[in-house]
Amino acid sequence: MRIGSGYDIHVLTPGRPLMLGGVEIPSPKGEVAHSDGDVLIHALIDAILGAYARGDIGSHFPPSDERWKDADSGRLLSIVLDECRPAIVNIDCTVFLERPQLREHIDRIRESLSHLLSLEADRISVKAKTAEKCFGELGRGDAVVAAVTILVED
């Protein structure tokens, strides 16, 4: 067995879509990023790469490379899945976002990740937390954070 962990954070700004786990969440603000900014998929990519000691998302898809400008994070995930071919046991994800509340979107996010990973949804946990108005930009609703832990069979 191998365990990987991933983490990502993005500032939020008006006029950009808020992408989480391949799902566009209705929101007046979205992630500022070189790609589509999907922090959940980015953290998942880092967790997979970490489980196999293959670096991080920035070493595979550097923001200096224009090929990844506005890239769909699902496509980036697909490339990493082809490279690592993980036998995923389960995934535990936590998204920290002050607003909008994610409770009503959790099932769609899990279904999207299930589809992207070709993995049963009951092996994917997605939790939503707020920062309780703490931690600067995150607590003010100007940032989003995702953390992912993955267990894979070697």
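A simple rule links phi to the HN-Hα coupling: the Karplus curve 6.51 cos²θ - 1.76 cosθ + 1.60 with θ = phi - 60°, which for region 97-114 gives 8, 5, 7, x, 5, 9, 3, 6, 9, 4, 4, 5, 5, 4, 5, 4, 5, 4 Hz, with x for Gly and Pro.
Tell me, what is the FRET efficiency for Thr13 and Ser125 to the nearest 0.05, using R0 = 35 angstrom and their Cβ-Cβ distance as r? After rounding to 0.05, the efficiency reads 0.75.
Amide H to amide H distances under 5 Å link Asn90 with Leu151, where only residues 5 or more positions off or on other chains count and H is placed in the peptide plane. Which percent of the accessible heavy-atom area of region 2-61 goes to carbon and sulfur, probe 1.4 angstrom? The value for region 2-61 is 58 percent carbon and sulfur by accessible area. Along region 50-64 the Karplus relation, 6.51 cos²θ - 1.76 cosθ + 1.60 evaluated at θ = phi - 60°, assigns HN-Hα couplings of x, 4, 10, 6, 10, x, 9, 4, x, 6, 8, 10, x, x, 7 Hz to successive residues, with x for each Gly and Pro.
Taking every protein chain into account, the accessible area of region 35-154 amounts to 50 square angstrom per residue (probe 1.4 Å). Here the chain is treated with +1 on each Lys and Arg Cβ and -1 on each Asp and Glu Cβ, and its dipole about the Cα centre works out to around 300 debye.
Magnitude of the charge dipole for region 70-150, about its Cα centre and with charges confined to Cβ atoms of Lys, Arg (+1) and Asp, Glu (-1), is about 220 debye. Between amide H atoms placed 1.01 Å from N, distances below 5 Å from Lys129 occur with Val95, Phe96, Leu97, all of them 5 or more places distant or on a separate chain. Given Cα pairs under 8 Å that are at least 6 residues apart, what percent is the relative contact order of the chain? With pairs under 8 Å counted, the relative contact order is 34 percent.
The distance from the alpha carbon centre of region 101-137 to that of region 68-86 is 19 Å, rounded to a whole number.
The values are calculated or read from the model by the stated rules, or taken from the named source; none is laboratory data. All values derive from a computational prediction rather than experimental measurement. Neighbour counts run over all protein chains shown; Cβ positions are idealised from the backbone, glycine included. Heavy atoms of the whole protein, side chains included, go into the accessibility calculation; ligands, DNA and RNA do not. Shrake-Rupley method; radii C 1.70, N 1.55, O 1.52, S 1.80 Å.
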